[in-house]
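Participant: Would you mind keeping the following structure in view while I ask a few things?
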Amino acid sequence: MSMTIANLEQLQAEHPDWQMELLDGSILVMGPSDYESDEIGSRLLTFLNNWVMPRRLGRVTGSSAGFILPNSETEDANNGDSEPRNLRAPDVSFVRADQLKKTKRDFVKLVPDLIVEVKSKTDRVKPLVEKIELFLELGTVVGILIDPDKRTVTVYRHNQSAVELKGSDTLAVPELLPGWELPVSELWPPEFD
């Protein structure tokens, strides 16, 4: 039986402490992130918000913001219906202001312009890349994978080769955030004496 967004909402009401996503009609229960991965995501969210908010460019959200994604034409043909089968929550997301003029008290039915996945200790890279690729196929402009283990940031764009950044490289997303730049080294949590 294929699960629906209504089924997911019912499960979340019954289990409010669980973070869940819907992938091709199947419920995925997400485990908590390790501390470092969450801190990296929070750092990036802060850096993005500090640029986006004063310029009123859009909205930046964290890992609990769910996006109802459109089905591909192939999925609709195979299912015989157009009930959405994917509700995903990237670790960090950016939605341009013209896409979401007013915030909603619900999941939003749109594809974010920028998504970021931060590899946690127990994650495998392949499913994270597949998640990014799904968003790119549906219209996300830029997807980013941060791998704390390798200290790399990989930037994905639809129909382009991925670009890996590390060390003294600088992360920039000029097509969405003109002028914003972040040294990759700023993502890694500081060490205190």
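Participant: How far apart, in nm, are the 7 Å Cα→Cβ label points at THR122 and TRP188?
Facilitator: Going from the THR122 label point to the TRP188 one covers 2.6 nm.
Participant: What ratio of Cα Rg to 2.2 N^0.38 Å holds for segment 50-171? If you can, show how the numbers build up before the last one.
Facilitator: Details: Rg = 15.2 Å, N = 122, 2.2 N^0.38 = 13.7 Å.
Cα Rg divided by the expected 2.2 N^0.38 Å: 1.12.
Participant: Taking the Cα atoms only, what angle lies between the long axis of helix 125-138 and the longest principal axis of the chain, rounded to 10 degrees?
Facilitator: 70 degrees
Participant: Determine which aspartates and glutamates satisfy two conditions relative to LYS166: a Cα distance under 15 Å, and not lying fewer than 8 residues away in the same chain.
Facilitator: ASP147, ASP149, GLU181, GLU186
Participant: Students often get this wrong, so check it: of LYS121/LYS150; LYS119/LYS150; LYS109/LYS131; LYS101/LYS131, which have C-alpha atoms separated by over 19 Å?
Facilitator: Exceeds cut-off: LYS101/LYS131.
Participant: If you don't mind, there's one more thing I want to ask. Where the only charges are on Cβ atoms (+1 Lys, Arg; -1 Asp, Glu), what is the dipole of the chain about its Cα centre, to the nearest 20 debye?
Facilitator: Result for the chain is approximately 640 debye, rounded to the nearest 20.
Here, each number is a calculation from the coordinates, and none is a lab measurement. Just so you know, these numbers come straight off a predicted model, no measurement behind them. FYI the Cβ positions are ideal-geometry reconstructions off the backbone, even for glycines, and counts take in every protein chain you see.
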